[in-house]
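First the structure, which I've put down as structure tokens, then a few questions once you've had a look.
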Amino acid sequence: MTSSETNPRPGPGVQEERPIASAAWELLIPAVSAPARQRGRALQSALREAVRSGRLAAGTRLPASRELAADLGVSRGLVTEAYEQLTAESYLRSGRGAGTWVSGGVRPAARGARDLAPRAPGVRVDFRPGTPDLSLFPRSAWGAAHRAVLGRLPHSALGYPDPRGLPELREALAALLTRRRGVVADPERLVVCSGVAQATTLLGFVLRGRGAAEVGVEDPGSPEHAALFASAGLGTVPLPLDGEGLAVAPLLRSGVRALVTTPAHQFPTGIAYSAERRSRLLDWARSSSAVIMEDDYDGDFRYDRAPVGALQGLDPEHVVYTGSVSKSLAPGLRLGWLIAPASMTDEIVDRKRTMDLGNPAIDQAVLADFVTRGGYDRHLRRCQRAYRERRDAMTAALEEHFPGAEVSGIAAGLHIIARLPERCGSRADILVRAAAAGIALRPLSDYGTADAEDPAVRLVLGYAHLAPADIAHGIRLLARGLTAS
């Protein structure tokens, strides 16, 4: 009798036999200590993971069911069932008279979960803009709203929601935005979405479906707009600003029929559009049958006077209003809103439905409760006081450590624009020295082409997420870093 008859090989396409390592079955021992009713699933799970991880390599012949059952001290039926289940899933292969083998079709999965959230490792003070103070998040009030909502939410509310959002949240937001921002807010035209980013993408898809190819964007402006519109198949046309807002003549020459603006507090320059400029933009939209997307990203935070009302309130049929709780509560909530013109509402809602079937119902219900019971207004007042104090701390620190520095823009929002004196050096030199001192900075030139050729160094300095003492410490470190030889 030949050796091949005494040791049959696996069928075609199966690797040569690799005997199971003497201790391989020990990988399965923890599974048999599980409670009796869970032992079968635990054994299958352990065996599956051993194959996935490569500890049981492809081509390995497994012990006979009777032998493995004896080694593990379990019934043979438990092992047979595990072998049959994993064979059905293609982790194992078996052949009549040839035993059970580890399949060659399994590939080990990448291990571990990476965190791709933006971080600043090694930074001592981070002055980059765009983040509120997350330590101010109203955990107790939010938790109380969460418990109250879970206690009264009907089972039916846990099904697929209206893609526009829960009616109670749309009504609460409509009342809030009408009262605080002067918006014409019909709950039937309000769509709850995952922040302004999704609102931008939704609008982009609708504009693309209507034949648009490009959208005008402010220069300088949010660097996110180009990527978001590109995901919807649209290009962007940078349009310059002047002291009153977006310049009208370049807009007229561009030929675009859609435009994104931040009129209440332009990002990042910090100016507020003048009344005359707001009127001229609306005249353009009406005469061109164009649409303006208003990004009201931090419209609630004005420190020298009451906030100027939203542009949308002047012409809700030509302005798409967007906002979110990312700057007021926390960006991690991923909750925002879009108020559409009547002529676009159905298309936007249809796109929202196909995109994600609506935002999480429980999160919407919690925000509705928080707004309706006054928690949101109380939180905004608290943030208003804190951020005004921090802006004052920033301007005082610049005056002390950078005499001659100029702060531009209105007293509002979460950041300032600071023009440093010429003695501080070039933009490139300042950024290198700041990084060496552990200070994270963003120059205005990062936000568009308009500032790229200007030799003056303008920094976009975020302060909302920093305590006043940290702001003073950071500006002091920056001054030392720029004067060090």
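Once neighbouring chains are kept in place and the probe is 1.4 Å, which whole percent of the accessible area of region 386-485 is contributed by carbon and sulfur?
The nonpolar share, carbon plus sulfur, comes to 50 percent.
Ok, one more. Loop only by DSSP, 16 or fewer other Cβ within 10 Å of the Cβ. Give me the trypsin sites (Lys or Arg not before Pro) in region 183-223 that pass, ordered by residue number.
Values: sites: R189, R208, R210; in loops: R210.
When the trypsin sites (Lys or Arg not before Pro) of region 183-223 are filtered for loop state and at most 16 Cβ neighbours within 10 Å, R210 remain.
Karplus couplings for region 456-472 from phi (6.51 cos²θ - 1.76 cosθ + 1.60, θ = phi - 60°), rounded to Hz, Gly and Pro as x?
Here the 3J(HN,Hα) series is 5, 9, 10, 10, 9, 9, x, 10, 4, 8, 10, 5, x, 5, 5, 4, 4 Hz.
Then there is this: By its C-alpha gyration tensor, with a ≥ b ≥ c as the square roots of the eigenvalues, how is region 307-351 shaped: rounded for a/c under 1.5, else prolate for a/b larger than b/c, else oblate? Can you show the working numbers first?
Values: a/c = 5.47, a/b = 1.28, b/c = 4.27.
In terms of gyration-tensor shape, oblate.
Shape verdict for region 168-301, please, from the Cα gyration tensor: rounded (a/c under 1.5), prolate (a/b greater than b/c) or oblate. Could the numbers behind the result be given before it?
Working: a/c = 1.58, a/b = 1.20, b/c = 1.33.
Cα axes put region 168-301 in the oblate bin.
Can you give the convex hull volume per residue for the Cα atoms of region 35-181, as a whole number of Å³?
Taking only Cα atoms, region 35-181 has a hull volume of 292 Å³ per residue.
Name the residues whose placed amide hydrogens come within less than 5 Å of the amide hydrogen of V320, ignoring near sequence neighbours (fewer than 5 apart) on the same chain.
Answer set, sorted by chain and number: I292, M293, E294.
To the nearest Å, what is the center-to-center distance of region 386-410 and region 184-237, using C-alpha atoms only?
Taking the Cα centre of each part, region 386-410 and region 184-237 sit 34 Å apart.
Roughly what % of Cα-Cα distances in region 133-232 sit above 17 Å, to the whole percent? Please list the in-between numbers first.
Numbers: 3457 of 4950 pairs.
Tail of the P(r) past 17 Å holds 70 percent of the pairs.
Per residue of region 345-351, in order, report the coupling 6.51 cos²θ - 1.76 cosθ + 1.60 (Karplus, θ = phi - 60°) as ³J(HN,Hα) in whole Hz, putting x for Gly and Pro.
4, 4, 5, 5, 5, 4, 5
In the P(r) worked out for region 30-90, what percent of Cα pairs fall beyond 20 Å? Before the final figure, lay out each step's value.
Values: 344 of 1830 pairs.
Considering region 30-90, 19 percent of its Cα-Cα pairs are separated by more than 20 Å.
5 Å is the cut-off here: which amide hydrogens, built 1.01 Å from N in the peptide plane, fall below it relative to R302, excluding neighbours closer than 5 in sequence?
Excluding prolines and chain starts, which carry no amide H, the hits are G413.
Which chymotrypsin sites (Phe, Trp or Tyr not before Pro) in region 71-177 pass both tests, a DSSP loop state and at most 12 other beta-carbon atoms within 10 Å?
none
Something else now. Give me a comma-separated list of calculated 3J(HN,Hα) values for region 308-324, in order, Karplus coefficients 6.51, -1.76, 1.60 applied at θ = phi - 60°, integers in Hz, x for any Gly or Pro.
6, x, 5, 4, 4, x, 7, 7, x, 8, 10, 10, 9, 9, 10, x, 6
Can you classify region 210-264 as rounded, prolate or oblate using the Cα gyration tensor, where a ≥ b ≥ c are the square roots of its eigenvalues, rounded means a/c under 1.5, and otherwise it's prolate if a/b beats b/c and oblate if not?
Judged from the Cα gyration tensor, region 210-264 comes out oblate (a/c at least 1.5, b/c at or above a/b).
I would also like to ask the following. Quick check on region 341-420: what are the equivalent-ellipsoid semi-axes from the Cα gyration tensor, as sqrt(5λ), descending, whole Å? Write out the running numbers ahead of the final one.
Numbers: eigenvalues 323, 80, 22 Å².
Here the semi-axes work out to 40, 20, 11 Å.
Enter the accessible area per residue of the chain (Å², integer; probe 1.4 Å; all protein chains in place).
I get 48 Å² per residue for the chain.
Could you work out what % of the accessible surface of region 232-282 is carbon and sulfur, using a 1.4 angstrom probe and leaving DNA, RNA and ligands out of the count?
56 percent
Could you list the trypsin sites (Lys or Arg not before Pro) in region 36-77 that lie in coil according to DSSP, counting only those with at most 15 other Cβ atoms within 10 Å of their Cβ?
Details: sites: R37, R39, R41, R48, R52, R55, R61, R66, R76; in loops: R55.
Answer by residue number: R55.
What number do you get for the chain when its Cα radius of gyration is normalised by 2.2 N^0.38 Å, N = residues?
Computed over Cα atoms of the chain, the ratio equals 1.33.
Kindly express, to the nearest 10 degrees and within the range 0 to 90, the angle between helix 375-401's C-alpha long axis and the longest C-alpha principal axis of the chain.
70 degrees
Continuing with the same structure: Say R0 is 25 Å: what FRET efficiency, to the nearest 0.05, do L158 and D356 get from their beta-carbon distance?
Efficiency computed from Cβ-Cβ geometry: 0.95.
Answer with one residue from P223, T236, A212: the one whose Cα lies farthest towards the positive end of the charge dipole of region 184-258, charges on Cβ with Lys, Arg +1 and Asp, Glu -1.
Farthest along the dipole direction, towards plus: A212.
Compare the peptides 377-384, 195-202 by average per-residue count of other Cβ atoms within 10 angstrom and give them in order, highest first.
Numbers: 377-384: 15.4, 195-202: 23.8.
Most protected by this proxy first, the peptides run 195-202, 377-384.
In debye, nearest 20: dipole of region 66-200 around its Cα centre with unit charges on the Cβ of K, R (+) and D, E (-)?
Its charge dipole is roughly 440 debye.
The values are calculated or read from the model by the stated rules, or taken from the named source; none is laboratory data. Just so it is clear, the model here is predicted, and its values are computed rather than measured. Backbone-built Cβ (ideal geometry, glycine too); neighbour counts: all protein chains shown. Ligands, DNA and RNA are stripped out before the accessible areas are found, and what is left, the full protein with its side chains, is counted by its heavy atoms. Shrake-Rupley method; radii C 1.70, N 1.55, O 1.52, S 1.80 Å.
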